[in-house]
Amino acid sequence: MRLAFLKSNKKIVKNISGWGRNNSVDVEIISPKNIEDIENIVKESKPKSIIARGEGRSYGDAAQVKEGKIIKLNNFKKIFPNYERNEITAQAGATFEEILEIIIPKGFFLPVTPGTKKITLGGAIAADVHGKNHHQDGSFGNYVKRINLINGFGNKVTLIPNQENNLEINEQFWATVGGMGLTGIILDATFSIIPIETSYIKEETLRYKNIEDLMNHMLKIDNLYKYSVAWIDSMHNDFRGILTYGNHVKANEIKKLAITKKLTFNPKSLINIPDLIPINLMNKIGIKIFNEIWFRKTPRIKSFKIVSIDNFFYPLDKIDNWNNIYGKNGFIQYQIIIPDKHSSMIKKILLRLKQINANSFLPVLKRLGESNKGYLSFPMSGWTISIDLPANNKKVEDLLNDIDIDIAQIGGRIYLAKDSRQSAIIFKKTYKSINFWLKQKQILDPKNIFISDIAIRLKLFN
């Protein structure tokens, strides 16, 4: 997030952007102290003027509205575990990191987590985040039992996914899960947590000379490993890669190791990238050197080691503000879903990007399982690939526009929490439940109080 503070009429005006740092806007920041403050803010606000924002980890323009109001819930961080029921209730401003610091020492973990713990609970629900276990366990919204929400009337409503004889509440719940904050301001939520015996993962790694062998093996291990993720060398002719997969370590597996504490969580960052880098350090030479080192350090034969939860799930969190490495112009993270029957398109996309020298650092490939009931939720059965690309590059943008069309034709789509550029036409072709979502949006927020730059760009309310 770019830091540029101005003060006018006692209002805090701040220049912010998404994590990709490619589209900054001036907004008014409001940090309400209690629920009554939020209710009053909403009731006094004009249509199309407010969006809630967590830690600013959505990559594009989903948590900003130009010259509008940003609601920051940094005063809403209370966490209430219920270990007997394997669940937790937390306020929307609590981060996954703060939750993990409480539950891991007690022998519990999140049911789903993305590749960063520096997101808020409210943001996780709004984006319906997914992780390395989606092929088995689905996305975060599957585990949410209740949401308290301030709607567009400024009233508090309680949403649950399976309320008997109340289809309207059920539908409003699934409009909010994955709804990108546009149905209201999430106050708190109750969700399931999973028991663990240790805070370690048995991590197995294997490298592959080409993407075909890599993808074939990922299919074979779908049912054997709870977590899996692959890295692809986008500059290699055959798109070689590394597959990492693992399961939680049991207590009896750790006895032989020199580990004194079975349940511990002490995350630490190793370095901070300052916001002073004028150019993109992820250039062709830098990426090629890194890719070679990364590939060669992985053994040719399958190897395994015991690693901490923090090292397995959140390696990039060890580099504070790693997004600054892309320079002042920022970057695009292009994350798409490809249905299983069109899996060959993954390689075709990588080839087309390589042909225009669109160098990408660490493309990530994951398997996804069945979708949930969220109208705007991203995941569905197939393959998802995330590719970091330079922003403000006409060749890249033109090619991505072409790929968008191909993705729409085969039934894929672009992840809204990462998106900063897709067109309204592509969005409406690929998110086929948009009209069902709009119906619930109209019930919860008929005046369209809640708006964001992504909603404007995708022409959601026109």
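Nearest 5 percent is fine: what portion of the DSSP beta bridges confined to the chain is antiparallel?
On the way: 67 of 77 bridges.
The antiparallel fraction comes to roughly 85 percent.
Under the Kirkwood approximation applied to all pairs of distinct alpha-carbon atoms, what is the hydrodynamic radius of the range 144-205 in Å?
On the way: mean 1/r = 0.0741 Å⁻¹.
Kirkwood hydrodynamic radius for the range 144-205: 13.5 Å.
At a probe size of 1.4 Å, how large is the accessible area of Ser308, to the nearest 10 Å²?
40
Please report, in cubic angstrom per residue, the volume enclosed by the convex hull of the alpha-carbon atoms of the range 202-277. Numbers along the way, then the final one.
Working: hull volume 11.8 nm³, N = 76.
For the range 202-277, the hull spanned by Cα atoms encloses 156 Å³ per residue.
Using only Cα atoms, locate the centre of the range 142-212 and the centre of the range 21-84, then give the distance between them in Å, rounded to an integer.
When both Cα centres are located, 18 Å separates them.
When the gyration tensor of the chain is built from Cα positions, what are the square roots of 5 times its three eigenvalues, in whole Å, from largest to smallest?
33, 27, 22
For a 28 Å ceiling on Cα separation, which of these pairs sit above it: Lys226/Lys347; Lys297/Lys366; Lys14/Lys432; Lys348/Lys459; Lys48/Lys348?
Details: Lys226/Lys347 25 Å; Lys297/Lys366 21 Å; Lys14/Lys432 35 Å; Lys348/Lys459 30 Å; Lys48/Lys348 40 Å.
Table pairs above 28 Å Cα-Cα are Lys14/Lys432; Lys348/Lys459; Lys48/Lys348.
Under 25 °C and 0.890 mPa s, how fast does the range 375-462 diffuse according to Stokes-Einstein, given a Kirkwood radius computed over C-alpha pairs? Answer in µm²/s, whole number.
Numbers: Rh = 14.3 Å.
It comes out at roughly 171 µm²/s.
Determine the dipole magnitude for the chain: charges of +1 sit on the beta-carbon of Lys and Arg, -1 on that of Asp and Glu, nothing else is charged, the reference point is the Cα centre, and the result goes in debye to the nearest 20.
Numbers: 67 positive and 45 negative charges, 161 e Å.
Computed about the Cα centre, the dipole is about 780 debye.
Return the calculated 222 nm mean residue ellipticity for the chain, to the nearest 500 deg cm²/dmol, obtained by summing -39500 (n - 2.57) across DSSP H runs with n ≥ 4 and dividing by the residue count.
About -7500 deg cm²/dmol.
Bin all alpha-carbon pair distances of the range 240-368 at 10 Å intervals from 0 and give each bin's fraction as a whole percent.
Histogramming the range 240-368 at 10 Å steps yields 9, 29, 35, 20, 7, 0 percent.
Once the Cβ-Cβ distance between Thr298 and Lys341 is put in as r, and R0 is 35 Å, what FRET efficiency do you end up with, to the nearest 0.05? Each step should come with its number before you reach the end.
Details: r = 30 Å, r/R0 = 0.86.
It comes out at approximately 0.70.
How big is the range 352-414 in terms of Cα radius of gyration and Dmax, in angstroms?
13.4, 39
Past the 28 Å Cα-Cα mark, which pairs from Lys69/Lys328; Lys132/Lys262; Lys132/Lys418; Lys394/Lys439; Lys268/Lys354? Let's see the in-between values first.
Numbers: Lys69/Lys328 25 Å; Lys132/Lys262 23 Å; Lys132/Lys418 17 Å; Lys394/Lys439 37 Å; Lys268/Lys354 35 Å.
Those over the limit are Lys394/Lys439; Lys268/Lys354.
What are the ³J(HN,Hα) values, in whole Hz, obtained from phi via the Karplus relation 6.51 cos²θ - 1.76 cosθ + 1.60 with θ = phi - 60°, for each residue of the range 56-65 in sequence order, with x given for Gly and Pro?
Using θ = phi - 60°, the values come out as x, 9, 6, 7, x, 10, 6, 10, 8, 9 Hz.
Can you work out the Karplus-derived ³J(HN,Hα) for every residue in the range 401-406? Use 6.51 cos²θ - 1.76 cosθ + 1.60 with θ = phi - 60°, whole Hz, and x for glycine or proline.
Once θ is set to phi - 60°, the couplings for the range 401-406 become 4, 5, 5, 3, 5, 5 Hz.
Hey, what's the Cα Rg ratio for the range 21-102 versus the globular rule of thumb, 2.2 N^0.38 Å? Write down the numbers at each step before the final one.
On the way: Rg = 15.0 Å, N = 82, 2.2 N^0.38 = 11.7 Å.
Normalised Rg, Cα atoms only: 1.28.
Exactly which GluC sites (Glu not before Pro) in the range 4-94 are in a DSSP loop and have at most 16 other Cβ atoms within 10 Å?
Details: sites: Glu28, Glu36, Glu39, Glu44, Glu55, Glu67, Glu84, Glu87; in loops: Glu55, Glu67.
Counting only loop positions with at most 16 other Cβ atoms within 10 Å, the GluC sites (Glu not before Pro) in the range 4-94 are Glu67.
What does a probe at Ile160 reach in the range 84-103, counting residues whose amide N is under 20 Å from the point 7 Å along Cα→Cβ?
84-92
If you stretched the chain out fully between Tyr83 and Lys318, how much longer would it get, using 0.36 nm times the residue separation minus the C-alpha to C-alpha distance?
Working: separation 235, 0.36 × 235 = 84.60 nm, distance 2.91 nm.
Gain on stretching Tyr83 to Lys318: 81.7 nm.
Please list, in order along the range 320-334, the HN-Hα scalar couplings obtained from phi with the Karplus expression 6.51 cos²θ - 1.76 cosθ + 1.60 (θ = phi - 60°), rounded to whole Hz, x for Gly and Pro.
So the Karplus estimates, Gly and Pro as x, are 5, 6, 5, 5, 5, 5, 8, x, 5, 7, x, 8, 9, 9, 9 Hz.
Evaluate the charge dipole of the range 185-321 about its Cα centre and quote only its size in Debye, nearest 20, assuming +1 on the Cβ of each Lys and Arg and -1 on the Cβ of each Asp and Glu. Can you show the working numbers first?
Values: 20 positive and 15 negative charges, 147 e Å.
In debye, rounded to 20, the range 185-321 gives about 700.
Translational D (Stokes-Einstein, µm²/s) of the range 177-305 at 10 °C and 1.306 mPa s when Rh comes from the Kirkwood sum over C-alpha pairs? Show your work: numbers first, answer last.
Numbers: Rh = 18.7 Å.
Stokes-Einstein gives a translational diffusion coefficient of 85 µm²/s.
The values are calculated or read from the model by the stated rules, or taken from the named source; none is laboratory data. This structure is a prediction, so every number in the text was calculated from the model and none was measured. Reconstructed Cβ throughout: ideal geometry from the backbone, glycine too, with neighbour counts over all protein chains shown. Heavy atoms of the whole protein, side chains included, go into the accessibility calculation; ligands, DNA and RNA do not. Shrake-Rupley method; radii C 1.70, N 1.55, O 1.52, S 1.80 Å.
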